[in-house]
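See below for the structure under consideration.
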Amino acid sequence: MAKFDFDLITIGAGSGGVRASRMAAKTGARVAIVEQSRVGGTCVMRGCIPKKLLVYAADFAQDFADAKGFGWDVAEPTFDWKRLIANKNTELDRLEGIYQRILRESGVQLIIGRGVVAGPHAVEVAGKMVTAAKILISTGSRPHLPDVPGIEYAITSNEALDLAELPKRVAIVGGGYIAVEFAGLMQALGASVSIVIRAGNILRGFDEDIRNALAEEMEKQGIKVHREGVVRSIEKTPDGYSLRLHGAEMIECDRVFYATGRHPNTEGLGLEAAGVKLSEHGAVKVDDYFQTSQPSIFALGDVIDRIQLTPVAINEGMAFVATQFGGRPTPMNYDFVPAAVFSHPPVGTVGLMEAEARKNGPVDVYLSRFRPLKHTLSGRDARSMMKLVVDRASQRVVGVHMVGEDAPEIVQGFAVALKCGATKAQFDATVGIHPTAAEEFVTMREKLPDHDEDA
Ligand code: NDP
């Protein structure tokens, strides 16, 4: 008789947990997965997928406006937010069904309820104890709200995806991924959007030229960016809310939306009592193989707070399974993880930003700003920006950055080249596809004057 009920119990059926569980089951392991909410987790139910569906809706607003220059006369388009949200929810139900089926067909037992670690090999779910040789924590993250008077009036991305109406005036606090994505889509769908950022610019952690190019495009669309803005309080007013900033500035709006980062879901999980050490921000501390300070307990995805991206969690899940169930110790390689921001226009990025690359030695920078061909006829005042960062000594391309239509689709391909160590000469030797925006990355010949040498 087996010593434990299962070989693996996973807590959290999001992207990382589901992938790890079904891959472990494929090796013959007996696996259970515990979920307190919906199978699919943040990305599928409250993040990437519903957000992207709303981004598509927003793209249509721009397409209708662009069509005129191409000979189309379209009757004044009208937009039905409720229909969009209903259709989005139908799709999420379908996806949840698929995830449940995948687990079932993989032989993973789904246990609905809140799982709490009750020891190195035990998880309690709804008063019942389940045991396993190994426990995997993949409980993800949740929106973090700072302590501001009136914060109870604020919504987060969870609620923004299910609003009954599209607000007329939205104030978004934060300047990261979620803030700029929702600012773009809500403005395009007809809201009047203000964003309040405590820093001097949006998207900290991205290349400076990306930050500047995107901020400029967003402001052209009418999004108001309040820089170095600190919210003092949020007050309810007869017709909405009032955001009081430091200084005398006030922002009147119908919705206050906070997108000020996400914190790991570790509270009340029994982790510390089970000997699992957490960081000061509450993230589970793990080694290169996702093992915590309690050898039978592992963790991956947003809850370890390394890179909060779905494909990273999925890859961490595969590395964990290879190590623990495949006999192949496999650390996760975090080099050249590409990322996209589905703003309007979107951002695609892989590798080092210029400032980071300069810390390793001299760099060559190639940058192009141009009006996309489509907008010569559409008349839309939009510009794209593309940038290559090249390590001067090795001539390896170490950073590819783009703001502009299709940037995420384009940069995904270039991420392969960077992973393979491609040099600028190899980029130059690659024939472009004409006419595309992507060809710019293989036809940039003029480097920018060197800032270091100018200094
Ligand atoms: P981010 O970490 O991207 O951005 C947080 C923003 O909030 C920053 O602008 C930060 O300012 C600001 N901020 C933090 N604390 C405060 C505070 N107390 N008061 C005012 N402003 C504050 O978080 P998001 O919530 O946007 O997204 C969470 C994560 O989810 C992302 O980091 C990303 O990993 C993931 N994600 C990925 C997406 C994608 O792949 N397309 C889409 C959405 C989310 P400052 O810059 O000054 O620190």
Burial ordering of Asp287, Asp254, Asp209, fewest other beta-carbon atoms within 10 Å first: Asp287, Asp254, Asp209
Environment charge of Gly140, counting only residues whose C-beta is closer than 14 Å and scoring Lys/Arg +1, Asp/Glu -1: +2
Members of Lys220/Lys387; Lys224/Lys447; Lys52/Lys387; Lys68/Lys447 lying beyond 28 Å, as alpha-carbon distances in this model show: Lys224/Lys447; Lys68/Lys447
The chain, relative contact order in percent, only Cα pairs under 8 angstrom and at least six apart counted: 15
Qualifying GluC sites (Glu not before Pro) in segment 152-243, DSSP loop, other Cβ atoms within 10 Å at most 13: Glu165, Glu228
Where no second cysteine Cβ lies under 4.7 Å, the cysteines concerned in the chain: Cys253, Cys420
Qualifying GluC sites (Glu not before Pro) for segment 369-452 [loop in DSSP, other Cβ within 10 Å: at most 14]: Glu446
Efficiency of FRET from Cβ geometry, Val74 and Thr430, R₀ 45 Å, rounded to 0.05: 0.70
Alpha carbon centroid spacing (whole Å) that separates segment 269-299 from segment 383-406: 37
Relative contact order [Cα under 8 Å, 6+ residues apart], segment 222-341, whole percent: 13
R0 of 22 Å, Cβ-Cβ distance Thr27-Ile98: FRET efficiency to nearest 0.05: 0.50
Approximate spin-label separation Met129-Ile112, in nm, with each point projected 7 Å along Cα-to-Cβ: 2.6
Residue range of the chain that is longest and free of trypsin sites (Lys or Arg not before Pro) which are both DSSP loop and sparsely packed (at most 10 other C-beta within 10 Å): 4-444
Theoretical gain in end-to-end length, Lys236 to Asp364 [0.36 nm per residue, Cα-Cα removed]: 40.9 nm
Cut-off 20 Å, label 7 Å out along Cα→Cβ of His246, residues of segment 126-167 by amide N: 145-151
For Ile98, Ile195, Ile433, order by how many other beta-carbon atoms lie within 10 Å, fewest first: Ile433, Ile98, Ile195
Order of Met332, Met318 - criterion: other Cβ atoms within 10 Å of each residue's Cβ, fewest first: Met318, Met332
Segment 293-366: chymotrypsin sites (Phe, Trp or Tyr not before Pro) in DSSP loop, at most 14 other beta carbons within 10 Å: Tyr334
Using a Förster distance of 35 Å, the FRET efficiency for Lys52-Ser192 (Cβ separation, nearest 0.05): 0.90
Charge context of Val31, other residues only, Cβ under 10 angstrom, K/R +1, D/E -1: +3
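Values quoted throughout were computed directly from the atomic coordinates according to the rules given, and no laboratory measurement underlies them. Since we're looking at a predicted model, the values are computed, not measured. Heads up, the Cβs are rebuilt from the backbone with ideal geometry, glycines too, and the neighbour counts pull from every protein chain shown.
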